[in-house]
Structure formats: structure tokens, C-alpha cells
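Notes follow once the structure below has been shown.
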Amino acid sequence: MFQERQLRSVTANTRADGEEALRSCNALGLTVTKTGKGTFVVANRVAKDLILGSYSARDLTEARPHIEVPAAGLAAQRRTAEELDSLRDIVAAMAAEDDPEAWVSLDSSFHAAIARASGNKVFERVAADIRDALAHQSETLNIVVDRQLASDREHQRILQTIETGDADGARAAMSEHLHAVGVALDSILSR
């Protein structure tokens, strides 16, 4: 009985590892999965740029600092108590989350909540428009280079600066986070 449970556990882990490997290959554009037909190899190396929803990784990397860095600074100055509570709840949920898909959703919510807390409707609208692409980017980075724990620490620092009303610190913390995301993306694209 014990050996049978062990075998089932090993089989389940092997299946999960295989599924994660397939998700990684798909995220990198190496494979395509067609429902009912299977997964097919379409490339033998990572593309020079990844398509993340409606935008490329390069597009996001270039645009995000011009949107999210000033939004973080404004959020530190303008956030309401309710918005601050929402940011705290999101960061706490992210730190406790072990389901990768749920974590990615929370990550997108965190960035959207900062844009909302900035009080700038343009930042809020742009963040909403790129939300799906950010989710794809976050998922790819977590699958391929395991960025989740580092992102949790970076998000905590962003939250702390917004909590204290430190606009310069919030801009710096967001800038450092986006830089780390860019470095991770570059490591994928240079493979």
C-alpha cells in the first residue's frame, strides 16, 4: 500500500513537472498546443522578442517605466486609506499564494491598484489596457526564471514606500522592480 502511494506521488510529480516544462516551452514560443491535437514544436530557440498578449516584451519593457514609476510616486502622495488597505491585502495574498495562476492574477491586480491609487486616469487606463500582457509576462518569468519570491520582496518594498508617503522612494522601488523584470526578460531572450 505504501509503495503504491509512493508510486502515485512520483507519477503525479512527474506529470506536474512535464506540464510545467510544456508551459515553459509554450511561454517561450517554442511549442504550440492545439486542443484535441497535442503540443507541437514550432521553434528550436527562443524568439528575439516574446509576444505577451497584445504586446511584445520589448514594448512593455520600454513603456512600463514611463507609466508605473510616476504612478507609484503619485500613489504615495494620493492614495486613500481604502486603496492602501487594498494594496496591503494584495501583497499579503501574494506572499501566501502557492498557486502560480492565482499569484499572476494578484500581481496584475497590484500594478493596477497602484495606477488607480495614483489618482491619474491616464495611468489607470493604460495599466488596465496592458493588464493581460503583464499577466503573460509575469507568468513567463515565473515559469522560466522563478521570479515570484523576488517579486514578492520588491512589491513589499513598493508598498512600504507608498504606505509612508515617500514619493521618491516609491518611484525608486518601482524602478528597481521594473529593472529586475527587464534583466530577467533579457536572460530569457538571450538564450
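Along its first, second and third principal axes, ordered by size, the range 71-113 spans 33, 16, 11 Å in Cα coordinates.
Expressed in whole Å with the largest first, what are the equivalent ellipsoid semi-axes of the range 46-191 derived from the C-alpha gyration tensor as the square root of 5 times each eigenvalue? Let's see the in-between values first.
Working: eigenvalues 111, 52, 36 Å².
Working through the eigenvalues yields semi-axes of 24, 16, 13 Å.
If r is the Cβ-Cβ distance from residue 121 to residue 179 and R0 is 30 Å, what FRET efficiency results, to the nearest 0.05?
0.65
Within the accessible surface of the range 40-189, defined with a 1.4 Å probe on protein heavy atoms only, the carbon and sulfur portion equals 51 percent.
Under 12 Å from the Cβ of residue 153, count the other residues' Cβ atoms, weight Lys and Arg +1, Asp and Glu -1, and hand me the total.
Details: positive: 147, 157; negative: 152, 154, 176.
Its environment carries a net charge of -1.
Once both labels are positioned 7 Å from their Cα atoms along Cα-to-Cβ, the gap between residue 81 and residue 152 label points is 3.0 nm.
Between residue 63 and residue 35, full extension at 0.36 nm per residue minus the direct alpha carbon distance yields a gain of 6.7 nm.
The values are calculated or read from the model by the stated rules, or taken from the named source; none is laboratory data. All of these numbers come straight from a predicted model, not from anything done at the bench. Virtual Cβ from ideal backbone geometry, glycine too; neighbours counted across all protein chains shown. For accessibility, only protein heavy atoms count, side chains too; no ligands or nucleic acids. Shrake-Rupley method; radii C 1.70, N 1.55, O 1.52, S 1.80 Å.
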